[in-house]
1. Roll a 1.4 Å probe over the protein heavy atoms and report the accessible area of B:Ser24 in Å², nearest 10.
2. Got a sec? Charge dipole of chain B, +1 on Cβ for Lys and Arg, -1 for Asp and Glu; which of B:Phe62, B:Val4, B:Ser104 is way out at the positive end?
3. What is chain B's relative contact order, in percent, from Cα pairs under 8 angstrom and six or more apart in sequence?
4. Between B:Asn27 and B:Ser54, how high is the FRET efficiency from 1/(1 + (r/R0)^6) when r is the Cβ-Cβ distance and R₀ = 25 Å? Nearest 0.05.
5. In whole Hz, what ³J(HN,Hα) sequence does segment A:68-83 give by Karplus (6.51, -1.76, 1.60; θ = phi - 60°), x for Gly and Pro?
6. Using a simple charge model, +1 on the beta-carbon of Lys and Arg, -1 on the beta-carbon of Asp and Glu, nothing else, what dipole does segment B:21-112 show about its Cα centre, in debye to the nearest 20?
7. Given points 7 Å out from each Cα along the Cα-Cβ axis, report the A:Ala18 to B:Ala45 separation in nanometres with one decimal.
8. Please compare each pair in B:Lys68/B:Lys111; A:Lys78/B:Lys107; B:Lys56/B:Lys78; A:Lys83/B:Lys71; A:Lys78/B:Lys71; B:Lys78/B:Lys111 to a cut-off of 26 Å on the Cα-Cα distance and tell me which ones are over it.
Amino acid sequence: EAGVTQSPRYAVLQEGQAVSFWCDPISGHDTLYWYQQPRDQGPQLLVYFRDEAVIDNSQLPSDRFSAVRPKGTNSTLKIQSAKQGDTATYLCASSPGTGVDTQYFGPGTRLLVL
Amino acid sequence: QQQVRQSSQSLTVWEGETAILNCSYENSAFDYFPWYQQFPGEGPALLIAIRSVSDKKEDGRFTIFFNKREKNLSLHIKDSQPGDSATYFCAASAGSNYQLIWGSGTKLIIKP
């Protein structure tokens with residue numbers, strides 16, 4: 001069974017540029033999470049979906065960040081007008097059910113904003 | 001204020017010793033505590049987890065000891081090996097809230 005895949009693996013931007021991250025969860029997993037992981041810190045939840053619905057996006061900086069999961073499968077996280085403080089690894093995870101299931105993580109996208 | 005706290009940023013032990021990683025939490029409603037292992041360049045992966053109704057969970061060389069009264073838990077890695085060198089995250093969640101609250105991680109180095 002294929003794991004969670006993410007692309008790109010790396011991105012380098014100048015401040016003010018936009019970037020999109022793509023995630024393909026494990027087939028059949030209805031819950032998808034996006035995390036931000038600054039260097040040497042734990043993951044911090046940005047948003048999570050059940051199927052195509054946003055369950056919680058309260059930690060998403062809504063003025064510059066957006067996330068969609070239109071068909072309840074793949075998801076895209078977009079940063080408009082990136083800032084140096086956005087430098088981090090962006091992790092996508094999926095889980096199979098609606099309980100507190102194991103979250104399966106992708107390898108992440110490492111973003112550097114200059 | 002950090003709800004899940006890992007007091008050691010890093011820990012070094014010799015191969016064959018038992019590594020002990022500590023975690024404490026503040027929210028009495030937390031009832032599920034997974035430990036995730038993360039290698040450089042990879043996402044975290046679930047290692048072992050415990051629910052608050054138990055005080056111990058064992059899986060091979062890995063054991064969680066849980067103290068509900070003191071709101072702390074520890075991960076013991078017996079017979080530690082160089083391949084165990086990684087960052088370990090303690091996390092917690094409460095009831096039907098599926099959000100995990102993560103600690104800041106402990107980087108474990110096993111010296112051969």
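1. 40 Å²
2. Ranked along the dipole, the leading option is B:Val4.
3. Relative CO of chain B lands at 37 percent.
4. So the FRET efficiency works out to roughly 0.85.
5. 9, 8, x, 10, x, 10, 5, 9, 10, 10, 10, 10, 8, 6, 4, 10
6. On the way: 10 positive and 9 negative charges, 33 e Å.
Dipole about the Cα centre, nearest 20: 160 debye.
7. Result for the modelled spin labels: 3.7 nm.
8. The answer is B:Lys68/B:Lys111; A:Lys78/B:Lys107; A:Lys83/B:Lys71; A:Lys78/B:Lys71.
The values are calculated or read from the model by the stated rules, or taken from the named source; none is laboratory data. The structure presented is a predicted model; accordingly, all values stated were derived computationally and were not measured. Note that each Cβ is placed from the backbone with ideal geometry, even for glycine, and that neighbours are counted across all protein chains shown. Just the protein is used for accessible areas: all its heavy atoms, side chains included, with ligands, DNA and RNA removed. Shrake-Rupley method; radii C 1.70, N 1.55, O 1.52, S 1.80 Å.
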